[in-house]
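To start, the structure under review is shown below, and the notes come after it.
The values are calculated or read from the model by the stated rules, or taken from the named source; none is laboratory data. Small disclaimer: the values here were computed from a predicted structure and weren't measured. Every residue, glycine among them, receives a Cβ derived from its backbone with ideal geometry; neighbour counts consider all protein chains shown. Remember, those area values only see protein heavy atoms, side chains included, never the ligands or the DNA or RNA. Shrake-Rupley method; radii C 1.70, N 1.55, O 1.52, S 1.80 Å.
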Amino acid sequence: VVFFFLLFLYNCFATKNFVRLTTIQNLFIQSFPILLIGFGLTLVIATGNIDISVGSAMALSAMVFALMVRSGSSPVLAFLVTLAIGAVVGGISGILVSLFHIQSMIVTMAMQYILRGMAKGLCGGTAIVFKNKGLSELSYMKVATYIPIHLIIVLVIYIVIYFAVEKTRYGAYIEAVGNNTRAANISGVNVEHILVSVYIISMLLATLAGVEQGIMVMQADSNNIGLSKEFDAIASTVVGGTPMSGGKPNLVGTFFAALLLQLINMMVNMNNIYYAMAYIIKAVMIIGAVLINTYVGNK
C-alpha cells in the first residue's frame, strides 16, 4: 500500500501529463479484470491451492456472451448463462481438487487448455464482433460525472468479499484450510465445501472480467482475451501478502497490488520505456514480496 502511494506520488512529478483525472479513471478501468480475478485467486491461494485457468475462463465467457448477444439474446440472459457456465467450471475444478485430491496446478492447467480450446472452437479461432448500444454506453458510464462504473462494481464486490472473509466464519474456515487442511477437517470444517466454493467464486469473477473485456471493445477474441491475466492476478495476490502456502487472505494487499502493477504499466508506457521493462519490474517485485513474506514468517 505504501509503495503504491509512493510510486503514484513519484509519477505526479516525474511523468509528463500524469496529473489528470483521466489518469485515475484509466487506472481503475484498466485494473478491473486483474482486480476481479485477483480477489478470486486470493481466496483460492489462501486455501493453499492455485487456479491458472481464470484467463481462459475470461475468453470462454466473453465468447459465449458475444455469440448470444449477436444472435439476438438479451444481454441479461447472456450474462446469466455465462455466470452459470463459470459456476459449473469452478465446481468441477473444486471437486477434482477436494474430492479426488488431484493437485490444483494439474487440474487448473488442464482446465486452462480445455476452456481456451472451447473458446476457440466456438468461433473457429476468429474474433466475434457484436453490437448493442446499451452495452456500449454502459462500458463507458460515469457515476456522478467522474467515477467510472468499473470502480463502483469493484468496490461493491470487494466489500462483499471482504465482509465474508473478515466478519464471518467463512473467512476463518478458508484460513484454517490453508494453514492445516487435516487439522481443519478434524475440527469439523467441511474442507470439500470450502474448496469447491472458492473455485466457484474465482470462476464467477473471471466470468465477469471476461464479459467486461468483451463489452469494452464490442468484440470477443478467443486468442487474446484473458491471455496471461492469471499471472498478473497471481502476482497481485503474492505481492499483496497472501502466502502461496495458504493462510490468511489479504484482500487489501491484493487490491493495492493490482493497482500497483497496472500503475507500473502506465508509467512505462507514458515515459516511452520499452514495454518489456514492466515485466522485469513486476518479476523483481514478486521475488521481493516472497522474500519479505518468508523472512517475516521465519521471524
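Being in a loop (DSSP other than H, G, I, E, B), open to solvent by 10 Å² or more (accessible area, probe 1.4 Å) and touching a residue at least 40 places away in the same chain (Cβ under 8 Å) is the filter; apply it to segment 16-60 and report the residue that is nearest to Ala110 (Cα to Cα). It comes out as Ile52.
Can Val238 be described as among the aliphatic types (A, V, I, L, M), at pLDDT below 95 and assigned to a helix (DSSP H, G or I)? It is true that Val238 is among the aliphatic types (A, V, I, L, M), at pLDDT below 95 and assigned to a helix (DSSP H, G or I).
Counting just the residues of segment 164-194 that are in contact with a Ser or Thr (Cβ under 8 Å, 6 or more places away or on another chain) and of a type in the set (A, V, I, L, M), which one comes out surrounded by the fewest Cβ atoms within 10 Å (Cβ to Cβ)? The selected residue is Val191. Residue count for segment 96-148 under the criterion of being under 20 Å from the mean Cα position of the chain (by Cα) and of a type in the set (Gly, Ala, Ser): the result is 4.
When residues in segment 246-299 are screened for being open to solvent by 80 Å² or more (accessible area, probe 1.4 Å) and touching a residue at least 12 places away in the same chain (Cβ under 8 Å), 1 of them pass.
Considering only residues in segment 120-147 that are in a helix (DSSP H, G or I) and open to solvent by less than 70 Å² (accessible area, probe 1.4 Å), the one that is farthest from Leu227 (Cα to Cα) turns out to be Gly134. Answer yes or no as to whether Gly117 is touching a residue at least 12 places away in the same chain (Cβ under 8 Å) and open to solvent by less than 50 Å² (accessible area, probe 1.4 Å). Criteria not met by Gly117.
Considering (1) open to solvent by less than 10 Å² (accessible area, probe 1.4 Å); (2) in contact with a Phe, Trp or Tyr (Cβ under 6 Å, 6 or more places away or on another chain), the lone condition that Gly86 does not fulfil carries the number (2). Considering the conditions (1) in contact with a Gly (Cβ under 6 Å, 6 or more places away or on another chain); (2) over 22 Å from Asp232 (Cβ atoms); (3) in a loop (DSSP other than H, G, I, E, B), Ile102 is excluded by exactly one of them, (1). For segment 275-292, the criterion of being within 14 Å of the chain's Cα centre (by Cα) and not in a helix (DSSP H, G or I) is met by none of the residues.
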